[in-house]
Amino acid sequence: GVDSAPGGSGGGGDAKIVLGFAQVGAESGWRTANTKSVQDAAKDAGIDLKFSDAQQKQENQIKAIRSYIQQKVDVIAFSPVVESGWDTVLKEAKTANIPVVLTDRAVDSADDSLYVTFLGSDFVAEGKKAGDWVVKEFADASTVKIAQLEGTTGSAPAIDRAEGFADVIKADPKFTIVASQTGDFTRAGGKQVTEALLKSNPDINLIYAHNDDMGLGAIEAIEAAGKVPGQDIKLVTVDAVKDGMTALSEGKINFIVECSPLLGPQLMDVVKKVKAGESVEKRILTEETTFTPEQAKEALPSRQY
Ligand code: AHR
């Protein structure tokens, strides 16, 4: 039980695993909870975590990954801000023999030997769950005008949540997406887009927001326009963070599809296995549910984030 000196030269069999983690940013409540989960889990697992925040910029993430390669960390994990453009830096990690774990978001690289595994949610399934709820909720309506608040352009959750949702609602032509714009997964973005939207499309029936934060911003804009969120305009969002769940319990949001940010413990397990040379599944899925206002009221008191 003696702590090994950092960077200690040889001999010690208990040298800490060094993990470099390149986070997307701090754009949402989800992201804050995800960062905390990774930091807490690293501590609990005795893993030396090097953490960087890319402020939603791919070039910053690439720089961080390159610096982890230079520092010769044992494992690199990252949540890619967008899907494309990673092959070069991933090849550099591979050449340096440093295994890479994708957490939360995927890359669209054709060569899947560039990463060990992808740990996170099925975003297409989340979009489908949102769509399924809409179909039921508006079963008796003859036309439904929908506005979509998209996540960060080019990111896996924005692409996949749009796709899953569109797949479900296309079955009935009464559903039309009359506007679809990015709010970059932020509350301010959701508010701004909704303000403009309410002017160009004042008769929308529903807003589908790719995350809670943008939905919360939309609520502010709807209220400022003198309308009642959850009634005049219904809202379905993704994440189920505390502020989202609170709005759901108050009937301002009507339905939330859960996306769990608590990936830290699973990530540390994977990192240990990879370091020990054990094999891991190429795709590790997160378990998730959905919430109605009643279910939100029940879940809120014990909600961790
Ligand atoms: O990648 C996960 C998404 O990123 C979350 O749903 C969103 O809130 C976050 O910004």
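What follows draws every value from the coordinates through simple rules; no lab data is involved. None of the values given here were measured: they were computed from a predicted structure. Because the Cβ atoms are built from the backbone with ideal geometry, glycine has one as well, and the counts that use them run over all protein chains shown.
The value of relative contact order for segment 173-272, using C-alpha pairs under 8 Å at least six residues apart, is 22 percent. Rounded to whole numbers, the Karplus 3J(HN,Hα) couplings from phi for segment 190-202 are x, 5, 4, 4, 5, 4, 5, 4, 5, 7, 6, 9, x Hz, using 6.51 cos²θ - 1.76 cosθ + 1.60 with θ = phi - 60°, and x at Gly and Pro. Mean residue ellipticity at 222 nm, helices only, the chain: -12500 deg cm²/dmol; runs of at least 4 DSSP H residues each add -39,500 (n - 2.57), and the sum is divided by the number of residues. For segment 63-99, the list of trypsin sites (Lys or Arg not before Pro) that fall in a loop by DSSP and count at most 16 other C-beta atoms within 10 angstrom reads LYS72. Our note on the geometry: Cα centres of segment 114-189 and segment 66-84, 29 Å apart.
Counting Lys and Arg as +1 and Asp and Glu as -1 over every other residue whose Cβ lies under 13 Å from the Cβ of ILE177, the net charge comes to 0. Looking at the square roots a ≥ b ≥ c of the eigenvalues of the Cα gyration tensor of segment 140-237, which shape do they give, rounded for a/c under 1.5, prolate if a/b is larger than b/c, or oblate? Because a/c hits 1.5 or more and a/b fails to exceed b/c, segment 140-237 counts as oblate.
Whole-Hz Karplus values for segment 260-274 come out as 7, x, 7, 8, x, x, 5, 4, 5, 4, 4, 4, 4, 4, 4 Hz, taken residue by residue from phi with 6.51 cos²θ - 1.76 cosθ + 1.60 and θ = phi - 60°; glycine and proline positions read x.
A dipole drawn for the chain from +1 and -1 charges on Cβ atoms has a positive end, and of LEU49, THR32, PRO261 the residue lying farthest that way is LEU49. Counted by neighbouring Cβ atoms within 10 Å, the residues VAL75, VAL24 run from fewest to most as VAL75, VAL24.
Amide H to amide H distances under 5 Å link PHE51 with PHE21, where only residues 5 or more positions off or on other chains count and H is placed in the peptide plane.
Relative to the longest principal axis of the Cα atoms of the chain, the long axis of helix 212-224 lies at roughly 30 degrees.
I'd like the orientation of helix 58-70 relative to the chain: the angle between its Cα long axis and the longest Cα principal axis, in ° from 0 to 90, rounded to 10. On a 0 to 90 degree scale, this one is about 20.
Taking a sphere under 14 Å around the Cβ of ASP167 and counting the other residues whose Cβ falls inside, with K and R at +1 and D and E at -1, yields a net charge of -2.
Pairs of Cα atoms nearer than 8 Å and 6+ residues apart set the relative contact order; for the chain it is 17 percent. A cut-off of 5 Å between modelled amide H atoms, ignoring neighbours fewer than 5 places along the same chain, links THR117 with LEU102.
Of interest is the spacing of the C-alpha centroids, which for segment 24-61 and segment 230-305 amounts to 17 Å. For the options THR35, THR186, THR292, a Gaussian network treatment of the chain with springs between C-alpha atoms closer than 10 Å singles out THR292 as fluctuating the most.
Ranked by the mean number of other Cβ atoms within 10 Å of their residues, highest first, the peptides 113-119, 248-254 fall in the order 248-254, 113-119. Computed from point charges on the beta carbon alone (+1 for Lys and Arg, -1 for Asp and Glu), the dipole magnitude for segment 150-285 about its Cα centre is near 240 Debye. Counting neighbouring Cβ atoms within 10 Å and putting the fewest first, the residues ILE284, ILE233 line up as ILE284, ILE233. May I ask for the net charge around THR152, where only other residues with Cβ less than 10 Å from the Cβ of THR152 are counted and Lys, Arg are +1 while Asp, Glu are -1? Neighbour charge sum, excluding THR152 itself: -2. Using C-alpha pairs under 8 Å with a sequence gap of at least 6, the mean separation divided by the residue count of segment 113-188 gives a relative contact order of 42 percent.
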